[in-house]
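Any read-out appearing in this document is the output of simple, stated calculations on the displayed coordinates, not a laboratory observation. Computed from a predicted model, the values in this text were never measured in an experiment. A quick note on method: Cβ atoms are made from the backbone with ideal geometry, for glycine too, and the neighbour counts reach across all protein chains shown.
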Amino acid sequence: MIVMSFDFGTKKIGVAIGECITYSSRVLKTINKKNYIQNIKKIILDWKPKKIIVGLPLDIYGKKQKITIKAEKFSHNLFKKFKIPVILHDERFTTIEAKHLLFKNGGIKKLTKNKINSLSAKIILQSWLYEKFKNKK
């Protein structure tokens with residue numbers, strides 16, 4: 001089963017794609033918030049995911065913040081537009097992890113916003129895959 005994930009942001013949205021049989025995922029791209037529906041529509045038509053995972057941005061204590069409400073609205077709009085089940089998944093510390101991995105593997109030059117957002121989407125998806133299927137391996 002193909003699963004797609006989004007790291008929602010107010011300016012950019014990271015996208016990753018994964019597969020439930022192999023428990024693997026990869027970075028797809030980062031899209032600008034401007035005209036994002038058209039970009040997402042193309043990606044969904046190309047990949048035909050069966051589920052969409054959207055990172056849920058909570059604060060360090062697990063409480064909602066302003067961006068959380070926007071991510072929930074984004075999730076609702078995805079479901080309404082594409083009729084694909086959307087699952088919100090805790091994304092705490094994914095940006096920090098993405099920055100760490102990019103820096104570790106390429107130094108400061110790798111720390112671009114596009115790479116951070118798309119790698120965060122991959123980390124969100126890997127986390128969901130692990131939680132969903134960890135007992136089935």
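Tell me the relative contact order for the chain as a rounded percent, counting alpha carbon contacts under 8 Å between residues six or more apart. All intermediate terms of the calculation are to be shown ahead of the outcome.
Numbers: 240 pairs, mean separation 44.1, N = 137.
For the chain, the relative contact order is 32 percent.
Which trypsin sites (Lys or Arg not before Pro) does segment 1-85 hold that lie in a coil by DSSP with at most 14 other beta carbons within 10 Å?
Here the sparse-neighbourhood loop sites are K11, K33, K34, K50, K63, K83.
Within the chain, what percent of beta bridges assigned by DSSP are antiparallel, to the nearest 5?
DSSP beta bridges in the chain are roughly 60 percent antiparallel.
Helix-only estimate, please: 222 nm mean residue ellipticity of the chain, summing -39500 (n - 2.57) across DSSP H runs of length 4 or more and dividing by its residues, to the nearest 500.
Details: 4 runs with 61 residues, N = 137.
Rounded to the nearest 500, it is -14500 deg cm²/dmol.
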